[in-house]
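Have a look at the structure below before the remarks.
Please treat every number below as a calculation from the coordinates, not as lab data. The model shown is predicted, which means the values in this text are computed figures rather than measured ones. All Cβ positions, even for glycine, are placed from backbone atoms using ideal geometry, and neighbour counts span all protein chains on display.
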Amino acid sequence: MLELRELTRFYGVLPAIRDVNASLRAGDVLGLLGPNGSGKSTTVKMLVGLLQPTSGEILCDGVNVEGDITAFKTRIGYVPEEAHLYSFFTPPEYLEFVGRLRGLDETTLARRIDEFLRLFNLDSARYQPITACSKGMRQKVLISAALLHDPDILVLDEPCSGLDVPSTLALRELIHRLSALGKIVVYSSHVMDMVEKVSTRVLIVHRGRVVADNSVSALRDMLSLPSLEAVFAELTVEEDVAATADQLVAAMRA
């Protein structure tokens, strides 16, 4: 079980996110949504131990993770929004590096690397440096690295960036399988359709505050709206987007 209690983060005197509460059980998939600057990325970074909360706490199975953050990180697989990879490694070299840091034995590690390279169609890139790989290929390496150690909690921040349609659909099915295995998945994205299809629950943040927290169907019913995208727009979009589009066209043609 993963719990966020009154999770708050300030940068100096500026609040990035305030009073986030969530309780996730085995098999839950939490969709995390918010406009740029809403505090979504800060929440993700606190969750994976890259940032310390200003106040509040994160508990895993009832224990505050700050007591042993290293042990907590061993239970997490993380796909960051930005692909920070060692570009001089080949894909299998990078995965070997990550797997050894995770403490996997060499036999298990080699087997899993071969399988991930095959299943993600990365065999053709086995001997080329990551710098020569496409964005989609690099994203597949990141996803492989997050899955290598069979984590209990998977945190995905814009994981579909650069992926083609078949890979995106495969990732969607993978999340369903991980949920069925009892994994906890946190899925942060701007892609509403994907979030709507994979999430058992959605948390929407806006201006550093949680403005909605419920299942997709409950949010749609509560606001009498047809889709998660419409719910998101109702709760977070404050400008007239049609007028903005008209003004952009006018500016382009001025």
### Message
Taking amide H atoms as placed 1.01 Å from N in the peptide plane, list the residues 5 or more away in sequence, or in a different chain, whose amide H sits under 5 Å from that of Thr54.
### Response
Thr8, Arg9, Phe10
### Message
Charges at C-beta only: +1 for Lys and Arg, -1 for Asp and Glu. How large is the resulting dipole of the chain about its Cα centre, in Debye rounded to 20?
### Response
340
## Note on the structure
In the range 123-254 the DSSP beta bridges are antiparallel at a rate, in percent to nearest 5, of 50
### Query
If R0 is 45 Å, what FRET efficiency do you get for Ala250 and Asp221 from their C-beta distance, rounded to 0.05?
0.70
### Task
Calculate how many DSSP beta bridges within the chain are antiparallel, expressed in % of all such bridges and rounded to the nearest 5.
55
### Summary
Taking the chain, the equivalent ellipsoid from its C-alpha gyration tensor has semi-axes in Å, biggest first, of 31, 24, 18
### Query
With point charges of +1 on the Cβ of Lys and Arg and -1 on the Cβ of Asp and Glu, referenced to the Cα centre of the chain, which listed residue (Leu47, Ala243, Val141) lies farthest in the positive direction of the dipole?
Val141
### Task
Once you've got the GNM for the chain with C-alpha springs shorter than 10 Å, pick whichever of Leu14, Leu101, Leu235 has the biggest mean-square fluctuation.
Leu14
### Summary
CD proxy, 222 nm, the chain: helix-only mean residue ellipticity via -39,500 (n - 2.57) per DSSP H run with n ≥ 4, per residue, nearest 500, stands at -12000 deg cm²/dmol
### Message
Please report the projected area of the range 85-150's Cα convex hull averaged over all directions, in nm².
### Response
3.8
### Message
Could you tell me the center-to-center distance, by alpha carbons, between the range 1-67 and the range 178-225 in angstrom?
### Response
15
### Query
What residue among Thr244, Thr107, Thr74 shows peak mean-square fluctuation when the chain is described by a Gaussian network model with Cα springs under 10 Å?
Thr244
